[in-house]
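Below is one structure, written out as structure tokens; comments come after it.
Since every read-out is calculated from the coordinates, none of them should be taken as a lab result. In this text the structure is predicted, and so the values were computed from the model without any measurement. Glycine also receives a Cβ, built like all others from the backbone with ideal geometry; neighbour counts cover every protein chain displayed.
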Amino acid sequence: MNYTSLVQNIKDFMEDDGTEFANSIDTFIDLTELRLSRDLKIPAFRRRQLSAFSQNDPYLTMPTDMVTLENLQTKVGYTSGNTGSHVNLLLRSDEFMTEFWPDRSVTGIPEYYAYFDDATIYVAPTPSSNIPVEISYRRRLPALSSSNLTNWLTDNASDALLYGSLLEASMFNRNAGLQQGYLSMYQAAVQRITEEQQQRNSVDNFYMRNEG
């Protein structure tokens with residue numbers, strides 16, 4: 001399945017060729033992608049990105065596709081040719097950060113972080129040098145559109161994507177009977193995908209434990 005066939009399937013299943021309905025299909029798909037990003041706890045929605053704190057600067061901009069920050073790890077003792085040691089930064093409140101490090105001009109090795117705004121975090125102590133950091137987070141997948149025909153969902157969760165879109169379409173058409181049916185089909189598809197991913201992770205872990 002791709003974006004084009006998904007759009008056609010929604011029209012065919014709903015048997016609605018109206019202009020208003022057709023103009024709303026992208027919204028059905030967008031809402032379903034958002035729903036799936038919340039319902040599926042799978043590796044496809046996780047990403048790691050390398051960044052760095054700058055010396056004397058406590059602020060760090062987060063990745064643009066981030067939904068939820070899961071983990072921050074600094075590489076303490078990093079030098080050229082030496083990867084250093086990974087250290088987890090701990091999330092704390094603004095009140096804690098102010099009490100722990102009231103003067104942000106004083107530098108050290110970061111231990112804690114807090115949210116400055118939706119796109120930025122700040123750390124304490126303020127970095128005394130340029131320190132590499134690894135950001136682990138949950139993301140939104142690149143949205144489907146006429147210019148982006150496929151993503152992980154079309155390749156691996158096309159049933160849930162279709163049923164979720166049909167659920168949104170049936171709500172648009174105020175068809176309560178279809179809503180309940182497509183909701184059940186969507187939930188069953190999400191459950192199957194979750195189980196498949198859990199099984200995959202178990203198999204991967206088995207081989208990792210038995211390598212060598």
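In the chain, if the dipole is taken from +1 on Lys/Arg beta carbons and -1 on Asp/Glu beta carbons about the Cα centre, which of 176, 7, 191 is farthest to the positive end?
191
How many nm is it between the label spots at residue 106 and residue 69, if each spot is 7 Å from the Cα in line with the beta carbon?
The answer from the label model is 2.3 nm.
Report the full-extension gain for the segment residue 86 to residue 188: residue separation times 0.36 nm, less the Cα-Cα distance, to one decimal in nm.
Contour length minus Cα-Cα distance gives 32.8 nm.
Please give the length that would be gained between residue 15 and residue 96 if that part of the chain were fully extended, namely 0.36 nm times their separation in residues minus their C-alpha to C-alpha distance (nm, one decimal). Spell out each step's value before the answer.
Working: separation 81, 0.36 × 81 = 29.16 nm, distance 5.75 nm.
Between residue 15 and residue 96, full extension yields 23.4 nm more.
Report the calculated FRET efficiency for residue 172 and residue 120 (r = Cβ-Cβ distance, R0 = 25 Å), to the nearest 0.05.
Computed FRET efficiency for residue 172 and residue 120: 0.10.
Loop by DSSP (not H, G, I, E, B), at most 12 other beta-carbon atoms within 10 Å: where is the longest site-free stretch of the chain for GluC sites (Glu not before Pro)?
Details: sites that count: 15, 211.
Answer from the scan: 16-210.
Considering the values (i) 66, 47, 30; (ii) 69, 40, 31; (iii) 56, 35, 33, which represents Cα extents along the principal axes in Å as calculated for the structure under consideration?
(i)
Under the 0.36 nm per residue contour assumption, what length would be gained going from the current alpha-carbon distance of residue 145 and residue 198 to full extension?
Stretched out fully, the residue 145 to residue 198 stretch lengthens by 16.2 nm.
With the cut-off at 1.5 for a/c, could you classify segment 45-139 from its C-alpha gyration tensor as rounded, prolate or oblate?
Details: a/c = 1.86, a/b = 1.07, b/c = 1.75.
Oblate.
Helix-derived [θ] at 222 nm for the chain: sum -39500 (n - 2.57) over DSSP H runs of at least 4, divide by residue count, nearest 500?
-14500 deg cm²/dmol
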